[in-house]
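Undergrad: First the structure, which I've put down as structure tokens, then a few questions once you've had a look.
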Amino acid sequence: MLDAGSYKLKSGVLELIAGIALSCVDGVSGTGIRGDHPEDAKRRKHITKGIKAELNEGTVLVNLDVNMDYGRDFREVGRNVQREAKDAIEVMTDWPVEAVNVNVVGVNAL
């Protein structure tokens, strides 16, 4: 294996990884910015809206603003969101994720 050199991720790549992982979680209606209507977030073209990720001294911190489906156990869905985002980032980048903070900013009535 070649061990010389390095790799870098462009700004927004960590957010994109988290957003794609988030889209696979049952009970999440989408991401959004505080105050967005859940239906707007569901139709949003930009999967990274409401997602912030920081790489600091080799570890990643992720903040996710999400809309969840009405009637779901938000704690369970939140844990699933944390696990999926963490696993995806760690597998794809080999950088440890310090925390994934989930902020529920909307509820989607099914």
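Undergrad: Go through the residues of region 28-39 one by one and say whether even a single one is part of a strand (DSSP E or B), modelled with pLDDT of 95 or more and not hydrophobic (A, V, I, L, M, F, W, C).
TA: No, region 28-39 contains no residue that is part of a strand (DSSP E or B), modelled with pLDDT of 95 or more and not hydrophobic (A, V, I, L, M, F, W, C).
Undergrad: For region 74-101, give me the residue count where each residue is farther than 20 Å from residue 47 by Cα, in contact (Cβ under 8 Å) with a residue 12 or more places away in the chain, outside any strand (DSSP E or B) and not hydrophobic (A, V, I, L, M, F, W, C).
TA: 2
Undergrad: Can I ask one more? In region 45-70, what residues are in a loop (DSSP other than H, G, I, E, B) and modelled with pLDDT under 95?
TA: Selection gives 45, 46, 47, 48, 49, 50, 57, 58.
Undergrad: Among the residues of region 54-85, write down those that are closer than 15 Å to residue 15 by Cα and touching a strand residue (DSSP E or B) at 6+ places or on another chain (Cβ under 7 Å).
TA: Residues satisfying the conditions are 54, 59, 60, 61, 62, 63, 64, 65, 66, 81, 82, 85.
The values are calculated or read from the model by the stated rules, or taken from the named source; none is laboratory data. These numbers come from a predicted model, not from an experiment. Because the Cβ atoms are built from the backbone with ideal geometry, glycine has one as well, and the counts that use them run over all protein chains shown.
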